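Written below as structure tokens is the structure these notes are about.
Here, each number is a calculation from the coordinates, and none is a lab measurement. Not measured: the values here are computed from a predicted model. Methodologically, a virtual Cβ is constructed for each residue, glycine included, from the backbone with ideal geometry; neighbour enumeration extends over all protein chains shown.
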């Protein structure tokens, strides 16, 4: 029925105003029976699942609604957002530096950048979070001194500086930087080399060409995967509950553990993660439209 | 050869001596010597792969030659000479040396993220540090010169190939170059758009600009060119007065090439 309605709309007489009016040819569209049957089956299954969930006697929906806007849940959500923003900002900054180092002509910089990316992409994020969360086991004190000697000018207790929030930011940020480095590098390489040559021929320095010409154009390529990275990071931040990161996940698992309402509290978390991800996706689409300037007529 | 020389009327605008360039095993330039006098239009022709574009790109050091020297307006490109020793110039000094050398590319290479007038104003603003008013005024003049005043706010994708190339020429002119390099400026254009770009170049030549033009447009070379250089396999095979060489090529390879192109 839907397809028929669309057809009728199209079948109005076309008139471009210069006397070239024509009547579109009428034809009966092909019926894709296989697709229709598949769609019907999937809709029925989905409906059955939703009904089963809604009428599930083992689920106490009151617990869900009570905790949805509870103060500590919202507090956890704020921590999760803060964690994501700080880690992403750090990850982008370090990622750009890593990408530029990787594309430089200095072999040591290229090697160090490659090694960084290899290591931080290679080690599971969960392991990295645990290492940073327990960093004091390795280095009880952190400070500034002369390398390769025992001379220390200032030092502090590791656990005073590397709080769970800071440790979470460090773990997520360093991990994110490795991925962002590859995203940024891909974006820079995706800009036609002629753009840089034209900049050079006009007497621009490498830095001017990079910041004024290459990176703004690379943004168009960098933005979509960066949006995905941000969404992934936002969700991955839930892992910091293993070091009691006080984020949304820490809070909802805590509620589950004390009330024995594990599913209900996980659904509370699910709800808020989905809300924020939806907001991020809308923002992503808006930014991509802006970055496409100069690339569409 | 010295980087510092007393200016004289007869000093060549471009002086290339013993230039070699190798890409891996591919010996692209095999000892090129060339002089371009101020105000001259030199056309470089030859089969593809003969090294014409590489030679042109060595003039503003987009390619770094393996041997030989390039002087532009008396200045040694890419090095500083002290006590008989050559020192590589820093990137920012090479950038400074490129300022008076305009270049036009086969694929236009307009900045895709900037409008026509922004393309033209970019270098005067950021490189020459002109004020916005001066840069805009001069950009408008340059646009007027290539006949695209009414397209100043168009992005490159909104312009035809011929229009893009004319903006690219205006962009180079806005830096008030003493030398213009053209790297097959009409090769990427639809046939009906070639004329408008050649018109702009013809007018530029008439204004006294020193130009090196890598081209397949034999008609342009005959009409506008002063010196014609025919290259093949990384060497200069024949050179001389453009009309003279085209009318009566001495080298059989030149003759063979011209017969093939003009057929």
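Annotation for residue A:46 and residue B:222: the two label points, set 7 Å from Cα along the Cα-Cβ direction, are 7.1 nm apart. Peptide B:104-115 shows a mean partner chain C-beta count of 6 within 10 Å per residue C-beta.
Reported to two decimal places, what Rg/Rh ratio describes chain A when computed on Cα atoms with Rh from the Kirkwood expression? Please report the intermediate quantities before stating the final value.
Values: Rg = 26.9 Å, Rh = 24.1 Å.
In chain A, Rg relative to Rh is 1.12.
Fewest-first ordering of B:44, B:125, A:280, B:173 by other beta carbons within 10 Å of each residue's beta carbon gives A:280, B:125, B:173, B:44.
Listing B:85, A:235, A:289 from fewest to most neighbouring C-beta atoms within 10 Å gives B:85, A:289, A:235. Calculated [222 nm] ellipticity per residue, helices only, for chain B: -10500 deg cm²/dmol; basis is -39500 (n - 2.57) per DSSP H run with n ≥ 4, divided by all residues, nearest 500. Over all Cα atoms in the protein assembly as shown, the spread is summed up by Rg and Dmax: 32.7, 100 Å.
In this simple spin-label approximation, residue A:193 and residue B:150 carry label points 7 Å from Cα along the Cα→Cβ vector, and these lie 4.0 nm apart.
Pairs of Cα atoms nearer than 8 Å and 6+ residues apart set the relative contact order; for the range B:1-153 it is 19 percent.
With only the Cα atoms considered, chain B has a convex hull volume of 142 Å³ per residue.
Applying Stokes-Einstein at 4 °C and 1.567 mPa s to the Kirkwood radius of the range B:110-176, computed over alpha-carbon pairs, gives a translational diffusion coefficient of 115 µm² s⁻¹. The fewest-to-most ranking of A:32, B:27 by surrounding Cβ atoms within 10 Å reads A:32, B:27. In the distance distribution for the range A:86-244, Cα-Cα pairs more than 19 Å apart total 62 percent.
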